[in-house]
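Comments concern the structure below.
The values are calculated or read from the model by the stated rules, or taken from the named source; none is laboratory data. Remember, predicted model here, so these are calculated numbers, not experimental data. Because the Cβ atoms are built from the backbone with ideal geometry, glycine has one as well, and the counts that use them run over all protein chains shown. Accessible surface is based on the protein model in full, side chains and every heavy atom, while ligands, DNA and RNA are left aside. Shrake-Rupley method; radii C 1.70, N 1.55, O 1.52, S 1.80 Å.
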Amino acid sequence: MTESRTTTAAPGAPAGENPPLLEVSGVTKSFGGGRRRLTALDGVDVRLGRGETLGLVGESGCGKSTLARVLLGLERPDAGTVRYDGVDPFALRGKELLNWRRRVQMVFQDPFASLNARMSAADLISEPWRTHPDVVPDAKAREKRIRELLSLVGLRDGDAHRYPNEFSGGQRQRIGIARALALDPDLIVCDEPVSALDLSVQAQVLNVLSELQSRLGVAYVFISHDLSVVRYIADRVTVMYLGKVIEHGETEDVFDRPQHPYTAALMSAAPVLDASRAAHDQEIQLKGEIPSPFDIPSGCRFRTRCWRAQDTCATEAPPLVVRPSEGAGDDHTALCHFPLEARSAWA
Amino acid sequence: MTTTSATDPALDVEGLCVDLSTASGTVRAVDGVSFSVRRGRTLALLGESGCGKSMTALSVVGLLDPAAEVTGGAVRVRGEDTLRLSAAERRKLAGPVLSIVFQDALTALNPVQPVGRQIGEPFRIHRGLSRREAREKAIELMTRVGIPEPRQRAKSYPHQFSGGMRQRLLIAMAVALDPDVLIADEPTTALDVTVQAQIMRLLRDLQDERDMAVVLITHDLAVVAQRADDVAVMYAGTVVEQGTVREVFSAPRHPYTRGLLDSVPEDAERGQPLPAVPGSPPELSAVPSGCVFQARCPLVRERCVSERPVLRATGDARSAACHFSEELARD
């Protein structure tokens, strides 16, 4: 990040002249047609620099997994653009597409379902090289690289020839991470990478992820429903609700001064360990549950559950509210007619 | 049945042992677990997967898998040891005395029966109400747990409800006969955060209203902090620490409890490594003979390998199973 930066009204204003690692703007994706048309993403903007972590937060059905699939090039958006270093992956073909795929990898949620039980750790880690032999062309170098990757994620040389059933959940997730690293990606999309793990093991895997970032400079899109994990790992947070980004900003800004009532409610709903902190925040209880994505409310899509909603919220789409970051970095944006002023407004 | 006074525990579990038959032999899944809970109080059984917390809950309500067997201990409600009762006698307790809410409401509900009939069933079985009376009771309960348009919705099937609504239905069924003790086995784990908060609030309101004792089975420290009065921390089939949540969480006396609390990223500084507990819990077939936590413990020494520590008092109404809990007290 450069020190002096120009402030523009666009969410995620550019911090330098070079295009960011990832820039997604106005991405829309629908499935089905007619009355069974489901809009999973509706004009989503995301921006991420090299070596940074973006936390993606939202409840089921908010579109975060569809967005992950778009970022991985697995789902072509209906509208909007996706750019990696200024390049549109959906315009690539053949060899160029193959080379691009190498740069974006994924770590899955369930380390029990995502590893082939008949392959050893070494097989699993080296499998990506079958598709991308150029990354490590030499067989000897491959042996060495497998050992390096194992040690990077905190496993031992001897683990190379063991099979998934001989590993615990945390160790399997380490194999999943090593496998994602095998192609030297610029970006790893982590979809709930620690939520299937026990708490004492969760911390180990989070430590592996942050250490890898500082050593290798890999960027993460970190999808999680666990706010305390996101707060710990992410530089920036994007909150989604029913296919729209409803709030975005630097982690501190979003957590300490949420603007959107939904973000505030999410934070208030998540139980916290520190009883003194819980006592300060009055619990916000939202009405009802997330509406069906087949039947998205008019105006502001959150209004059916919002305690601040007024007539305008049903008739007009909410405006983008832009507040400069309290620190350095991205502007703090929200889509709301009646954004929360400061923490005191709801605490 | 004898009646109990207000200060007697509604549920008293003592020295519970459960053995589990696996392909590679019999393993001990629950090893001498004791706890008790009074009406109006909430006890959390806290632990990670495989620690025996769910097995303990299922033993208490008599719903253990046939591969598991209770091999020792006592489970007392209303002054009787339910482990000594016949199956028919135990069934009489299921509902009016003990009941359970499961994590996965979709598998816990009958998919081919309208929900109104399922919720009314306890009234037909235990109170001999007519079909029509039971339906009215079911609609009353559905109203109470916050199902909109309960009269129409009583005719719907479980798959026609959202996850949160299904959990409400399950809770309605569990509290139908006003049990003394409600066991909630990870009741909100499968739900979104905002819905989780609603379900937790509902459980608390029902507990206050009906003066129930609640046993909350969870792996979530924050849920325990917010919801429970007392906590029993389980590891590898044993209780390693117990006491009031306030005392145990503010000054843990077992290194495992302390490790768990430290692993929560809530107050962690970004960029600073989290203090993780190394390794992972032992397989049930390979629980060491000394202290169950020895392989991961920062305080481990010879005595921990040779001698299993027993729960001993570390203060008023709290205890820990560690030879060296005083060292934690000093930090």
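Secondary structure note: in chain A, about 60% of the DSSP beta bridges are antiparallel. Assuming charge only on the beta carbon of Lys and Arg (+1) and of Asp and Glu (-1), the dipole of chain A about its Cα centre is about 1020 debye to the nearest 20.
Taking the centroid of alpha carbons for each part, the stretch B:4-67 and the stretch B:239-289 are 21 Å apart. Based on protein heavy atoms only, chain A ends up with 43 Å² per residue of surface accessible to a 1.4 Å probe. The charge dipole of the stretch A:172-217, taken about its Cα centre with unit charges on the Cβ atoms of Lys, Arg (+1), Asp and Glu (-1) only, comes to about 180 debye. Neighbouring Cβ atoms from other chains, within 10 Å of the Cβ of residues in B:275-286, number 4 on average. Modelled this way, with points 7 Å down the Cα-to-C-beta line, the labels at B:R132 and B:E302 are 8.1 nm from one another. Along the stretch A:165-175 the Karplus relation, 6.51 cos²θ - 1.76 cosθ + 1.60 evaluated at θ = phi - 60°, assigns HN-Hα couplings of 5, 8, 10, 7, x, x, 5, 4, 5, 5, 5 Hz to successive residues, with x for each Gly and Pro. Of all the options B:L299, B:L284, B:L11, the one that moves most in a Gaussian network model of chain B with Cα springs shorter than 10 angstrom is B:L299.
The charge dipole of the stretch B:93-156, taken about its Cα centre with unit charges on the Cβ of Lys, Arg, Asp and Glu (plus for the first two, minus for the last two), comes to roughly 280 debye. Relative contact order of chain B, taken over Cα pairs closer than 8 Å and 6 or more residues apart, is 20 percent. Using C-alpha pairs below 8 Å separated by at least 6 residues, the relative contact order for the stretch A:207-311 is 18 percent. Taking all protein chains together and rolling a 1.4 Å probe, A:T315 ends up with roughly 110 Å² accessible. In the Gaussian network model of chain B, springs joining C-alpha atoms below 10 Å, which of B:P252, B:P158, B:P265 carries the largest mean-square fluctuation? For chain B, modelled as a Gaussian network with Cα springs under 10 Å, the answer is B:P265.
Considering only DSSP beta bridges where both residues belong to the stretch B:127-266, give the percentage that are antiparallel (nearest 5). Taking every DSSP beta bridge with both residues in the stretch B:127-266, the antiparallel ones total about 55 percent.
Taking the protein heavy atoms of the protein assembly as shown in the context of the full set of protein chains, the accessible area attributed to carbon and sulfur is 48 percent at 1.4 Å.
Phi angles of the stretch B:150-165 translate, via the Karplus equation with coefficients 6.51, -1.76, 1.60 and θ = phi - 60°, into HN-Hα couplings of x, 4, 6, 5, 4, 8, 7, 9, x, 5, 8, 10, 6, x, x, 5 Hz per residue; Gly and Pro are given as x.
The value of relative contact order for chain A, using C-alpha pairs under 8 Å at least six residues apart, is 20 percent. When chain B is treated as a GNM with alpha-carbon contacts under 10 Å, the residue of B:S280, B:S59, B:S24 showing the greatest mean-square fluctuation is B:S24.
Each Lys or Arg adds one and each Asp or Glu takes one away; over the other residues whose Cβ falls under 10 Å from the Cβ of B:D178, this sums to -2.
Sorting B:K137, B:K92, A:K140 by solvent-accessible area of protein heavy atoms yields A:K140, B:K92, B:K137, largest first, with a 1.4 Å probe. For chain B, the residue among B:V18, B:A232, B:A105 whose Cα projects farthest onto the positive side of the dipole built from Cβ charges is B:A105. Karplus-derived 3J(HN,Hα) values for the stretch A:262-274, using 6.51 cos²θ - 1.76 cosθ + 1.60 with θ = phi - 60°, are 5, 4, 4, 5, 4, 5, 6, 6, 5, x, 10, 6, 6 Hz; glycine and proline are entered as x. Each of A:R83 and A:S30 was given a label point 7 Å from its Cα along the Cα-to-Cβ line. The distance between the two points is 2.7 nm. Close amide H partners of B:T314, meaning residues 5 or more places away or on another chain with modelled amide H under 5 Å apart, are B:S319, B:A320. Between the stretch A:202-272 and the stretch B:138-190, what's the alpha-carbon centroid distance in Å? Each part's Cα centre sits 32 Å from the other's. When chains A and B come together, the accessible area they lose, probed at 1.4 Å and totalled over both chains, is close to 3300 Å². The calculated FRET efficiency for the pair A:A328 and A:D184, based on their C-beta separation and a Förster distance of 25 Å, comes to about 0.30. Pairs of Lys residues in the protein assembly as shown, spaced 8 or more positions apart or belonging to different chains, with C-alpha separations under 28 angstrom: 15 in total. Placing B:E14, A:E52 in order of accessible area, with the largest value first and a 1.4 Å probe, yields B:E14, A:E52. Legend: residues in the stretch A:58-76 shielded by at least 40 square angstrom of accessible surface upon adding the remaining protein chains to the isolated chain (1.4 Å probe, heavy atoms) are A:E59. Each stretch of four or more DSSP H residues adds -39500 (n - 2.57); spread over every residue of the protein assembly as shown, this sum gives -9000 deg cm²/dmol at 222 nm. Lacking any other cysteine beta-carbon closer than 4.7 Å, the following Cys residues of chain B have no compatible partner: B:C17, B:C51, B:C297, B:C322.
Using the 1.4 Å probe convention, the accessible area of the stretch B:127-195 works out to 43 Å² per residue with neighbouring protein chains retained.
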